[in-house]
Amino acid sequence: MGKQFFLSKQKPHVVKDMDIQRWAFTTNHDVGLAGFKASSWWVAKCKRYFGICDGKTTKFVTEKYLEEEPEMEKRADECVAIVKSRIQAYGLDCL
């Protein structure tokens, strides 16, 4: 189950409780633990143990973003430099 979780997190894929239940159920077929049920209570306990939290995905980091990031940082630094020079020239009250 752990391998499937970490492989899915390498991709922009949302892992749901149902996925964890399915992976645990499939893994149990290999292990053969008698009486094991991947219940919603078990999933909650597993998530708490491994520090997996439910949350909204706010940003996917794409390859294009990674390529453009240095250019964005350069433009941000240039913007900060312009603002600092204008603060020195005109003072904070004029901004």
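Matching residues to (1) modelled with pLDDT under 75; (2) in a helix (DSSP H, G or I); (3) surrounded by 12 or more Cβ atoms within 10 Å (Cβ to Cβ); (4) on the phi > 0 side of the Ramachandran plot:
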position: Phe5; (1), (2), (3), (4): yes, yes, yes, no
position: Met18; (1), (2), (3), (4): no, yes, no, no
position: Arg22; (1), (2), (3), (4): no, yes, yes, no
position: Asn28; (1), (2), (3), (4): no, yes, yes, no
position: Cys53; (1), (2), (3), (4): no, no, no, no
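Summed over segment 72-95, the residues that are open to solvent by 90 Å² or more (accessible area, probe 1.4 Å) and either closer than 30 Å to Val14 by Cα or not in a helix (DSSP H, G or I) (or both) give a count of 2. Evaluation of Ala34 against the conditions (1) open to solvent by less than 100 Å² (accessible area, probe 1.4 Å); (2) at pLDDT below 85 shows that the sole unmet condition is (2). Could you tell me how many of the residues in segment 55-71 are surrounded by 10 or more Cβ atoms within 10 Å (Cβ to Cβ) and assigned to a loop (DSSP other than H, G, I, E, B)? Of the residues in segment 55-71, 1 are surrounded by 10 or more Cβ atoms within 10 Å (Cβ to Cβ) and assigned to a loop (DSSP other than H, G, I, E, B). Within segment 49-95, being under 30 Å from Asp19 (Cβ atoms) and among the basic types (Lys, Arg) holds for Lys56, Lys59, Lys64.
Could you list, in sequence order, the residues of segment 31-51 that are of a type in the set (D, E, K, R), closer than 19 Å to Val14 by Cα and in a loop (DSSP other than H, G, I, E, B)? Of everything in segment 31-51, nothing turns out to be of a type in the set (D, E, K, R), closer than 19 Å to Val14 by Cα and in a loop (DSSP other than H, G, I, E, B).
Suppose we filter segment 7-16 for residues that are outside any loop (DSSP other than H, G, I, E, B) and at pLDDT 75 or above; how many remain?
Of segment 7-16, the ones outside any loop (DSSP other than H, G, I, E, B) are 7-9.
Cutting the leftovers down to at pLDDT 75 or above gives us none.
Total satisfying the criteria: 0.
The values are calculated or read from the model by the stated rules, or taken from the named source; none is laboratory data. Since the model is a prediction, treat every value here as computed from it, not as a measurement. Backbone-built Cβ (ideal geometry, glycine too); neighbour counts: all protein chains shown. With ligands, DNA and RNA removed, areas are computed over all heavy atoms of the protein, side chains included. Shrake-Rupley method; radii C 1.70, N 1.55, O 1.52, S 1.80 Å.
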